[in-house]
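Peer 1: Structure in structure tokens, see below.
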Amino acid sequence: SEMCIRDRYQRRVHGGTRTEKYSILFFNMESVIRVCITGAAGQIAYNLIPMVCGGEIFGTEQTIELSLLDLPTMEDVLRGIAMEIEDGAYPLIKSVQIGSDPKEMFRDVDFAIFLGGSPRKPGMERRDLLQVNGQIFEEQGKALEEVAKPEAKIIVVANPVNTNCLILSMHAPKIPKENFTCLTRLDFNRARAQIALKTGANVRDVKNIIIWGNHSMTQYPDVNHGTVKGVPIKEVQLNDR
């Protein structure tokens, strides 16, 4: 049986941060996972959230309790996103919780997707960016350590991803290191595309490319183990494109 509850105005205030919980659709599904997305008011999250809600990420049979985390100044945007999710009537979404307190949003989380981070601003050196994001991910790592499930799975997208992920894992030691990962997919795709252009192959035929380092001038795209149609890249003739 299905029960629809709309309690938009259930709020808790915690020292300048606010948590709101939107209970939407309850189904008699056995398994429920808690998923948190940080930077949830941003454009990347706006494209990702419907995929999570529609079952493209965790499967079409997986019920989800969704938490959306962002800065206190973005709460109105989060509130609007929560209402859009409600309007979508996604049957897999049991509840949506929004807020700016990591300890509330990460509580008992099974999966956390870290989209949020400080972008590099004009005049900012890379060490400045690392320092700012280091503070953010240290705080969030400590929150994971305190309230997340020990078996939680963590994925970091915010640049510099490698360093952010390392800082996060260092401050959440109860979660196994193998449960942390980060994405350099843009750089990976660029490397595959360049190899495809140079060899005249389709990108689907380019395999085993590795990206080392952060998204920066010191990054190293490693093709030493790469293949094109099963042939090592070093043995493939390159064109002038």
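The values are calculated or read from the model by the stated rules, or taken from the named source; none is laboratory data. Here the structure is a predicted model, which means the values were calculated and not measured. Every residue, glycine as well, gets a Cβ built from its backbone with ideal geometry; the counts of neighbours run over all protein chains shown. These area figures cover heavy atoms from the full protein model, side chains too; ligands, DNA and RNA do not enter into them. Shrake-Rupley method; radii C 1.70, N 1.55, O 1.52, S 1.80 Å.
Peer 1: Tilt of helix 75-88 relative to the longest C-alpha principal axis of the chain, in degrees (0 to 90, nearest 10)?
Peer 2: 90 degrees
Peer 1: Where both partners of a DSSP beta bridge lie in the chain, what percent of those bridges are antiparallel, to the nearest 5?
Peer 2: 45 percent
Peer 1: Only loop residues by DSSP count here, and only those with at most 13 other Cβ atoms within 10 Å; note down the trypsin sites (Lys or Arg not before Pro) in segment 168-208 that meet that.
Peer 2: Values: sites: LYS174, LYS177, ARG185, ARG190, ARG192, LYS198, ARG204, LYS207; in loops: LYS174.
Answer in residue order: LYS174.
Peer 1: I want to check the label-to-label distance for LYS229 and GLN43. Put each point 7 Å from Cα in the C-beta direction and report it in nm to one decimal.
Peer 2: 3.8 nm
Peer 1: Once amide H atoms are placed 1.01 Å from N in the peptide plane, what residues at a sequence separation of 5 or more from ARG34, or on another chain, have their amide H within under 5 Å of its amide H?
Peer 2: HN-HN under 5 Å from ARG34: GLU65, ASP110, PHE111.
Peer 1: Which is the longest part of the chain that has none of the GluC sites (Glu not before Pro) sitting in a DSSP loop with at most 12 other Cβ atoms within 10 Å?
Peer 2: Values: sites that count: GLU2, GLU30, GLU56, GLU61, GLU125, GLU151.
Result, exposed sites excluded: 152-241.
Peer 1: Let me ask another. Per residue of segment 54-61, in order, report the coupling 6.51 cos²θ - 1.76 cosθ + 1.60 (Karplus, θ = phi - 60°) as ³J(HN,Hα) in whole Hz, putting x for Gly and Pro.
Peer 2: Once rounded to whole Hz, the list reads x, x, 6, 9, 10, x, 7, 10.
Peer 1: Report, to the nearest 10°, how far helix 185-199 tilts away from the longest principal axis of the Cα atoms in the chain, using its own Cα long axis and a range of 0 to 90°.
Peer 2: 30 degrees
Peer 1: OK, next. Which percent of the accessible area of segment 148-241 is formed by carbon and sulfur heavy atoms (probe 1.4 angstrom)?
Peer 2: The nonpolar share, carbon plus sulfur, comes to 56 percent.
Peer 1: Using a 1.4 angstrom probe, figure out how much accessible area the chain has per residue, in square angstrom, rounded to the nearest whole. Working shown, then result.
Peer 2: Working: 13150 Å² over 241 residues.
Here the per-residue accessible area is 55 Å².
Peer 1: Additional query: I want to check the label-to-label distance for GLN194 and LEU71. Put each point 7 Å from Cα in the C-beta direction and report it in nm to one decimal.
Peer 2: 3.3 nm
Peer 1: Let me ask you something else. Once you put a point 7 Å from the Cα of GLU138 and another 7 Å from the Cα of ARG185, both along the Cβ direction, what distance in nm separates them?
Peer 2: Between GLU138 and ARG185, the label points sit 3.1 nm apart.
Peer 1: Take the cross-link list LYS121/LYS177; LYS121/LYS153; LYS94/LYS149; LYS103/LYS153 and give me the ones stretching past 28 Å between alpha-carbons.
Peer 2: LYS121/LYS177; LYS121/LYS153
Peer 1: Before rounding to the nearest 500, sum -39500 (n - 2.57) across all DSSP H runs of length at least 4 in the chain and divide by the residue total; then give [θ] at 222 nm in deg cm²/dmol.
Peer 2: Working: 6 runs with 76 residues, N = 241.
So the calculated ellipticity at 222 nm is -10000 deg cm²/dmol.
Peer 1: I'd like the trypsin sites (Lys or Arg not before Pro) in segment 80-154 restricted to DSSP loop residues with at most 15 other Cβ atoms within 10 Å, sorted by number.
Peer 2: On the way: sites: LYS94, LYS103, ARG107, ARG120, ARG126, ARG127, LYS142, LYS153; in loops: ARG107, ARG120.
Hits after loop and neighbour filter: nothing returned.
Peer 1: To make sure I understand the rule: partners must be lysines, Cα under 25 Å from the Cα of LYS198, and not fewer than 8 residues away in the same chain. Which ones qualify?
Peer 2: Answer for LYS198, where 25 Å is the Cα cut-off: LYS207, LYS229, LYS234, listed by chain and number.
Peer 1: Name the shape class, rounded, prolate or oblate, that the alpha-carbon gyration tensor gives for segment 68-160, where a ≥ b ≥ c are the square roots of its eigenvalues, rounded holds for a/c under 1.5, and otherwise prolate holds if a/b is larger than b/c and oblate otherwise.
Peer 2: The shape class here is oblate.
Peer 1: Next up: Share of Cα-Cα pairs in the chain beyond 31 Å, in percent? If you can, show how the numbers build up before the last one.
Peer 2: On the way: 9643 of 28920 pairs.
That fraction is 33 percent.
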